[in-house]
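The structure appears right after this line, and notes come after that.
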Amino acid sequence: MKRMIQAELLKMRHSAMGKMTWLVPVAAVVLGYLISQVGLYAQQFTYNIWYGTFYPCLVPLICAMNMRCEIRLHYQTMLASPVFGAGQWAAKCAAVALRLLFSQVIFWALMSLLGMVFISSVPAVAGGAGMLVVWAVSLWQIPLYLMLSAKLGMIPTVMLGLLAAFFSFSVVEKGSFFLFPFSIADRLMCPILQIRPNGLLLEQGDTLLSASVFIPGMGMVIILLAAAAFGSIKWWMRREAV
């Protein structure tokens, strides 16, 4: 498994996928600070646009770019492999997850450094914890988007991610937020970073500061991850060389 993951990472390293995993977080940081004019709440605003817009679009983008490379070769590099099967698909999902974790680390490191230079409104520890949570609750999307991109193509898949991020804002403050799984990350960030999905500060005593949302949120994520992994593996095992 380790070698298969390394092989998948190697395919992404010198491709456009590899560049996007660091270009997108850098762009989010630059844009966030420019729009907020490096003001008092620049950090909070930048965190907000990262986990609310940029990252939800980066996940389907990386998945779609990954599958586009396989489609161009008619899946021959994967289907001809002697280890073709569930392990191979799991290795691809794990490699994408690691590249996305790399993006989260880059974003957090830049934000922490800028917090030392300019006004810091989000502690580095809280920011790091938040980015890990965002990454973890999005893991179920990786096998889903890989499968969808193979069926729909890059543009529809990325558009789906953008629409999901847009609609999540309309349900994130409702009690049934976990029924729309794309809003889970936004909701869990409220008590961690103490800001609303729209970037405004949360006042003491606000219900959005309650940590009780972690249990239903993470429970739903585990179910979704299991379902997406099982469904995508079954789909992949039925693939035939074309």
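The values are calculated or read from the model by the stated rules, or taken from the named source; none is laboratory data. Computed from a predicted structure; not experimentally measured. We place every Cβ from the backbone using ideal geometry, glycine too, and count neighbours over all the protein chains shown. With ligands, DNA and RNA removed, areas are computed over all heavy atoms of the protein, side chains included. Shrake-Rupley method; radii C 1.70, N 1.55, O 1.52, S 1.80 Å.
Here the helices (runs of 4 or more DSSP H) wholly within the range 113-217 that include at least 3 residues being under 27 Å from residue 70 (Cβ atoms) and modelled with pLDDT of 90 or more are 124-137, 141-152, 154-171. Residue 213 passes every criterion in (1) surrounded by fewer than 19 Cβ atoms within 10 Å (Cβ to Cβ); (2) hydrophobic (A, V, I, L, M, F, W, C); (3) touching a helix residue (DSSP H, G or I) at 6+ places or on another chain (Cβ under 9 Å); (4) over 22 Å from residue 46 (Cα atoms) apart from (1). Among the residues making up the range 8-54, those that are farther than 16 Å from residue 107 by Cα, surrounded by 17 or more Cβ atoms within 10 Å (Cβ to Cβ) and of a type in the set (A, V, I, L, M, F, W, C) are 9, 12, 17. In the range 58-101, of all residues being in a helix (DSSP H, G or I) and modelled with pLDDT under 75, the one that is least open to solvent (accessible area, probe 1.4 Å) corresponds to 78. A residue that is open to solvent by 60 Å² or more (accessible area, probe 1.4 Å) and either out of contact with any Asp or Glu (no Cβ under 6 Å at 6 or more places or on another chain) or of a type in the set (Lys, Arg) (or both) occurs somewhere in the range 191-198. Looking at the range 89-115 only, could you name the residues that are free of Cβ contacts under 8 Å to residues at least 40 places away in the same chain and among the small types (Gly, Ala, Ser)? Passing the criteria: 109, 112. Take the range 218-242 and flag every residue that is in a helix (DSSP H, G or I), in contact (Cβ under 8 Å) with a residue 12 or more places away in the chain and not small (Gly, Ala, Ser). Across the range 218-242, the qualifying residues are 218, 220, 221, 224, 225, 233, 235, 236, 237. Condition check for residue 125 on (1) over 28 Å from residue 109 (Cβ atoms); (2) open to solvent by 40 Å² or more (accessible area, probe 1.4 Å): one failure, at (1).
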